[in-house]
Amino acid sequence: MIQIKNLWKRYHGDDASDWILKDINLTIPKGVSVGLVGQNGAGKSTLLRLIGSMDTADKGQIVRNCSVSWPIGLSGGFQASMTGRQNVKFVARLHGGEELVAKTVRFVEEFAEIGKAFDHPVRTYSSGMRSRLGFGLSLAFDFDVYLSDEATAVGDATFKAKASKAFKDRIGQASLIMVSHSEGILRDLCQSGIWLHQGRAYWFDEINQALEAYKVFRETKRFPEELIAAQSVPKKVMQ
C-alpha cells in the first residue's frame, strides 16, 4: 500500500499557480495496478518521481509500505561517464550484493538489446537506449510496485511488445503505476486510474472511468462532476 498525504510540489516561483501538485491525498491499495492520466504538464511524471523517491515534495509525505522501483522510462539516474555495464554493476551491488551482479548484468544486457553500446559511456546513448537500459535494470529486481513512464513506447514494435509482455508477466506478483498515452495499454494493464487535473488528483476504481473523465474534459472543457461524484472513494481523498 502507498499512502500520499497532503502532498504539494512545485519547481519555481512563489505564486499559487506554480504548484504542479496541490494537496494530494490518495491511498493506492496493495496489488492494484493504476494508470495516471491527464494532459501534458498535469504532473504525471512528477508524481511518479515522487513515489519512486527520485524527487522530494515541498509539503506532505508519501508512505510506502512496500518496495517500489524507480520510474522505468525516465532517462535520468545513470552516471553518464560510465558504461551501461558499469552502471548495471553498480546498481546491482547496491540492491542485491556482489553475488547477484553477474546474473543482473546478463539479464539487462539481453533485455535492453543495445548491442555493443552496453560497453560504451551512457552519455553516448540516445534517450531510447537509456530507457531500454533503465527498463531492463528495473525488471532485474523483484519490486512490489513497478513505476512506468511511457516505458512501453520505447523502441520498435518488437521491443514494445516485449515491454508490454514483461509487465503482464509481473501482474499477480507485483502491481504497476504507469503513465502512458496509449489508452489500450492502460486498459490492458491497469485496473484503477488517477486523473490529474489542475494540480488535483481524482481516484477512479475503474481505469475506464478515469479515461472517460479525462476525455469529457479534453473534448468539452467541462469538469466531469457526475463521474467524480460516482466514485466510492471519500471526497477528502480526491481533494
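The values are calculated or read from the model by the stated rules, or taken from the named source; none is laboratory data. Just so you know, these numbers come straight off a predicted model, no measurement behind them. Cβ: placed from backbone, ideal geometry, glycine included. Neighbour counts: every protein chain shown.
From the list Lys103, Lys89, Lys116, Lys162, exactly one residue is among the basic types (Lys, Arg) and either within 24 Å of Val179 (Cα to Cα) or outside any helix (DSSP H, G or I) (or both). Which is it? Checking each option against the conditions leaves just Lys162. Being under 26 Å from Leu137 (Cβ atoms) and at pLDDT below 95 holds for only one residue in Gly13, Gly31, and it is Gly31.
Condition check ((1) within 24 Å of Leu147 (Cβ to Cβ); (2) modelled with pLDDT of 95 or more; (3) out of contact with any Lys or Arg (no Cβ under 9 Å at 6 or more places or on another chain); (4) of a type in the set (D, E, K, R)) across all residues:
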{"residue": "Thr83", "(1), (2), (3), (4)": "no, yes, yes, no"}
{"residue": "Ala92", "(1), (2), (3), (4)": "yes, no, no, no"}
{"residue": "His95", "(1), (2), (3), (4)": "yes, no, yes, no"}
{"residue": "Glu99", "(1), (2), (3), (4)": "no, no, yes, yes"}
{"residue": "Phe111", "(1), (2), (3), (4)": "yes, no, no, no"}
{"residue": "Thr124", "(1), (2), (3), (4)": "no, yes, yes, no"}
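Taking the range 191-223 as the range and being over 23 Å from Lys5 (Cβ atoms) and touching a Lys or Arg at 6+ places or on another chain (Cβ under 9 Å) as the test, the residues that pass are Ile207, Asn208, Leu211, Val216.
Among the conditions (1) out of contact with any Asp or Glu (no Cβ under 9 Å at 6 or more places or on another chain); (2) assigned to a helix (DSSP H, G or I); (3) at pLDDT 95 or above, the only one that Gln61 does not satisfy is (2).
Do we find a residue being assigned to a strand (DSSP E or B), touching a Pro at 6+ places or on another chain (Cβ under 9 Å) and not aliphatic (A, V, I, L, M) anywhere in the range 203-218? Checked against the condition, which is being assigned to a strand (DSSP E or B), touching a Pro at 6+ places or on another chain (Cβ under 9 Å) and not aliphatic (A, V, I, L, M), the range 203-218 yields no hits at all.
Residues are listed down the side, and each one gets a yes or a no for (1) surrounded by fewer than 15 Cβ atoms within 10 Å (Cβ to Cβ); (2) among the small types (Gly, Ala, Ser):
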residue: Leu21; (1), (2): no, no
residue: Leu26; (1), (2): no, no
residue: Gly38; (1), (2): no, yes
residue: Gly52; (1), (2): no, yes
residue: Ala57; (1), (2): no, yes
residue: Gln61; (1), (2): yes, no
residue: Asn65; (1), (2): yes, no
residue: Val68; (1), (2): no, no
residue: Phe78; (1), (2): no, no
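The residues on offer are Val233, Val237, Val179, and the sole one that is among the aliphatic types (A, V, I, L, M) and at pLDDT 90 or above is Val179. Only a single criterion out of (1) modelled with pLDDT of 95 or more; (2) under 26 Å from Gly172 (Cα atoms); (3) of a type in the set (Phe, Trp, Tyr) is not satisfied by Phe118, namely (2). Can you tell me which residue is modelled with the highest pLDDT among those in the range 65-80 that are in a loop (DSSP other than H, G, I, E, B) and not small (Gly, Ala, Ser)? Only one residue tops the list, namely Cys66.
Within the range 45-58, track down each residue that is in a helix (DSSP H, G or I) and polar (S, T, N, Q). Give the steps one after another, and end with the answer.
Start the filter on the range 45-58 by keeping residues that are in a helix (DSSP H, G or I), which leaves 45-51.
Ser45, Thr46 - these are the residues of the range 45-58 that are in a helix (DSSP H, G or I) and polar (S, T, N, Q).
Listed by first and then second residue, the pairs with beta-carbon distance under 7 Å, at least 6 apart or on different chains, first residue in the range 78-98 and in contact (Cβ under 8 Å) with a residue 12 or more places away in the chain, second polar (S, T, N, Q) and outside any helix (DSSP H, G or I), are Asn87/Gln79.
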